[in-house]
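To start, the structure itself, in structure tokens.
The values are calculated or read from the model by the stated rules, or taken from the named source; none is laboratory data. Just so it is clear, the structure is predicted and the values come from calculations on it, not from any experiment. A quick note on method: Cβ atoms are made from the backbone with ideal geometry, for glycine too, and the neighbour counts reach across all protein chains shown. Ligands, DNA and RNA are excluded from the accessible area calculation, which covers all protein heavy atoms including side chains. Shrake-Rupley method; radii C 1.70, N 1.55, O 1.52, S 1.80 Å.
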Amino acid sequence: MALPETVAFARNFAVMVKVRGPDPKGLKMRRHAFHQYHSGETTLSASGILIPATLCDTEVARHRYGELYEGMVLVVTVASVVEPFLSLQQRENVPQGRPELISGAQIDVGTEITKEKSDNGRPLWLPAQLLSLVDIPASAHCLQSLVQASLGSPEPEWDVGWSLASYSNDSQPSKDLLQTQGSLAVGGSGSVSRMCKSLTRMAILGVSLSLKDMLDTTVSSMNKRGDFLLAVGSPFGVLSPTHFFNSISVGCIANCYPPNSSDESLLMADIRVLPGMEGSPVFSEYACLTGILIRPLRQKTSGVEIQLVIPWEAIVTASGGLLRKWPQNALKELYHQEGKLSCGGKAPFTDADDIEGPSGHACERSNFGCSSPLPVEKARSSICLITIDDGAWASGVLLNSKGLILTNAHLLEPWRFGKTHVNGGAYGDNPKNIFPFLIEGATSFGKGVEGNQKSHNLLSKTPTYKNRQIIRVRFDNVKPWVWCDAKVVYVCKGPWDVALLQLESVPDQLLPIVMNFDWPSMGSKAYVIGHGLFGPRCGFFPSVCSGVVAKVVEAETPQSYLSIQQEHNLWKMPAMLETTASVHPGASGGAVINSDGHMIGLVTSNARHSGGTVIPHLNFSIPCAALAPIYEFSKDMQDLSLLQILDEPDEYLSSVWALMRPSRPKLPPMPQTLPDNNNKQRKGSKFAEFIAERKDIFRQPSQQGKSGALSNQVKPSKL
């Protein structure tokens, strides 16, 4: 199924939910930046999903909602859009039964499904009823654990919502604001617990829709990092449905939480999400339902947003039997047949009792996708987490089975790159920088790291360091996770931000990365894999973010590279890669991967505005072609002269990586045709030479007669 077909199908399920009610004091709009307020009434909006009959247990619905359910289709959206219009008591204590709106409040649902199947881009508005509110405890628990694991970080203050939105209309302190300083027990009654429950809470609505039998879909059987995601929602909501109703956004799954579990309760998405898209249904590449978007977490200081998706399975578990995990009478998996993908049926998106795969045998969910991992999943096994005893962490790439690891030099020597400390702050201001932003490097998590091995001091250190550093490396491709001590082998003194570490004890089952030295094509697919934003305390696998190669900055190949140059063009080499994938602090030292799962670059930095806001989609990586000396060294780790190639100074490369205009080459001296009286060559323009030759004339004093009149040798000015 091509993307346009997937989008056309997914739009059948996406709706826009608007709630209008009396608000004489203008308080309902708090924490909702985009709203309408007119004549004492406030209108809020969000996105939502129509639930097909195959994903709903009709008997449970009738028992729970009675006659109110007859002739209705269920709609799931975020509870935050309706909670301001509940009574104060019901907002503080979620009712077990049916919640009641305040007098005068009304809910409407806009859908693209009409009898005429028109595609004019405008929603058909239908009245809706609020049936129940559902807490998702598994997702709330994961979110709370995630936030509390960030205790001790240099940027501890979290908020809910988008950096794009302005919350100046919030006249009272928000309960959503998280001050993660201090200790809060998981599942406790603190502000973190209340916020996490509120953020993950869902509202179930009922809407009269006679075309419900046309709706049918299935559910994604697995959620893997790097999997394609499609969200359909209505950004900016009621402000302009004509322009934004049921807009799409694509991305991928960046990470899953909890990490070592088959039942993920929270997904992190690398996807563009705008205000008003909370509640949007999220689909896989083949239009299979993955989950529902909620509002993001946001670091207040940096503006970094974490887009969150609640998996459909977690919502089903919390619904008490109302919703189904799988379509009724359908198998729980997908299969490929004759180049087309069917979702649990004989034809796409239909149900069937018996399904056979291409070989004629019934498919089993346990076998789906297990025979050969995706290329990105293979590459992810080569990415490790590196921690330094002063609290910093970054990512690294395993180069060989002997435990040689490639990472960034700024993790070990931050002062060389304009940073005063390795604590996640931006590089220092550079007055010669031509861009209005700063480069962002490693990050930190505070003192101490818990692991399953005892930490030891380094056996040796390079002359670079005045103090001993404890360096530890974690590999995630084995269970349980393995922590290893490491020592510094090499830190580049040239223009490249690279360093090499060597494990002191090499574990089994290491999976080195595969490098690709070809010139990356602009527009080609690129995945960034690294431990961005969340460090060792959170227990995450490396995150996967997708994008494309946006720019390849080239340079002349240094003479010392010619003997090991892997690229066909011997005189030019890529010097810098720019990608559109998200790069967050902590992902430095990770890998840029192509669609084949091969490494094409080493993640080095993203950027941030001078005001502090991070620009994750503007990032820079070192191409593998520039890392050829390191690759050759990694084969037997004997020839140290290969690494000296990287140490050679190069003014042009240094200016490229300083984000400065490269200096122009010096021109040969111009021949001098006008020698002076001393027969010496004179520098400067011809105009300067003209002035110099006539200096004696200009220095002559004016000759005046005894009467004060001008001499006849000098004519007076006509001005």
Any residue at all in the range 35-43 that's surrounded by fewer than 17 Cβ atoms within 10 Å (Cβ to Cβ), of a type in the set (Ser, Thr, Tyr) and under 35 Å from the mean Cα position of the chain (by Cα)?
yes
Would you point out the residue of the range 200-239, among those that are open to solvent by 20 Å² or more (accessible area, probe 1.4 Å) and among the aliphatic types (A, V, I, L, M), that is modelled with the highest pLDDT?
Leu239
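Tally up the residues in the range 240-255 that are surrounded by fewer than 21 Cβ atoms within 10 Å (Cβ to Cβ), part of a loop (DSSP other than H, G, I, E, B) and under 24 Å from the mean Cα position of the chain (by Cα), please.
Step one: list which residues in the range 240-255 are surrounded by fewer than 21 Cβ atoms within 10 Å (Cβ to Cβ), which gives 240-244, 247-250.
Those still in the list that are part of a loop (DSSP other than H, G, I, E, B) too: 240.
This time we only want the ones that are under 24 Å from the mean Cα position of the chain (by Cα), so: none.
Total meeting the criteria: 0.
For the range 598-611, enumerate the residues that are among the small types (Gly, Ala, Ser) and open to solvent by 10 Å² or more (accessible area, probe 1.4 Å). Give the derivation first.
Of the residues in the range 598-611, the ones among the small types (Gly, Ala, Ser) are 601, 605, 607, 610-611.
Once the filter is applied, which keeps residues that are among the small types (Gly, Ala, Ser) and open to solvent by 10 Å² or more (accessible area, probe 1.4 Å), the range 598-611 yields Ser610, Gly611.
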I need every pair where a residue in the range 389-413 that is closer than 19 Å to Pro585 by Cβ has its Cβ under 6 Å from the Cβ of a residue that is of a type in the set (D, E, K, R) and surrounded by fewer than 23 Cβ atoms within 10 Å (Cβ to Cβ), sequence separation at least 6 or different chains.
Gly391/Lys447
Name the one entry in Val78, Val19, Val73 that is open to solvent by less than 40 Å² (accessible area, probe 1.4 Å), under 23 Å from Arg295 (Cα atoms) and in contact with a helix residue (DSSP H, G or I) (Cβ under 8 Å, 6 or more places away or on another chain).
Val19
Do the conditions hold for Gly276, that is, is it more than 22 Å from the chain's Cα centre (by Cα) and either modelled with pLDDT of 85 or more or not small (Gly, Ala, Ser) (or both)?
no
Checked the range 511-531 for anything closer than 21 Å to Cys545 by Cα and either open to solvent by less than 30 Å² (accessible area, probe 1.4 Å) or without any contact (Cβ under 8 Å) to a residue 40 or more places away in the chain (or both); matches are Ile513, Met515, Pro520, Ser521, Met522, Gly523, Ala526, Val528, Ile529, Gly530, His531
Consider Val94 carefully, then state whether it is assigned by the TED database to the domain that holds Arg201, part of a strand (DSSP E or B) and either within 21 Å of Ala231 (Cβ to Cβ) or not acidic (Asp, Glu) (or both).
no
Checking Leu643, Leu627 in turn, the sole residue that is crowded, with 22+ Cβ neighbours inside 10 Å and more than 25 Å from Phe534 (Cα to Cα) turns out to be Leu627
May I ask you to list pairs of residues, at least six apart or on different chains, whose Cβ atoms are under 7 Å apart, with the first in the range 293-321 being on the phi > 0 side of the Ramachandran plot and the second being in a loop (DSSP other than H, G, I, E, B)?
Gly303/Ser163; Gly303/Thr613; Gly321/Asp57
Does the range 532-549 hold any residues that are at pLDDT below 80 and within 22 Å of Ile615 (Cα to Cα), and which are they?
Leu533, Phe534, Gly535
Just wondering, is there one or more residues in the range 43-61 that are within 23 Å of Pro275 (Cα to Cα) and at pLDDT below 90?
no
Among the hydrophobic types (A, V, I, L, M, F, W, C), over 23 Å from Ile405 (Cα atoms) and open to solvent by 20 Å² or more (accessible area, probe 1.4 Å): is that true of Val553 in this structure?
yes
Can Ile113 be described as modelled with pLDDT of 65 or more, open to solvent by less than 30 Å² (accessible area, probe 1.4 Å) and in a loop (DSSP other than H, G, I, E, B)?
yes
Please work out if Leu74 is touching a His at 6+ places or on another chain (Cβ under 6 Å) and modelled with pLDDT of 90 or more.
no
I'm trying to understand the selection: among the residues of the range 301-326, which are more than 30 Å from Val614 (Cα to Cα) and in contact with a helix residue (DSSP H, G or I) (Cβ under 6 Å, 6 or more places away or on another chain)?
Ala314, Gly321, Leu322, Leu323, Arg324, Lys325
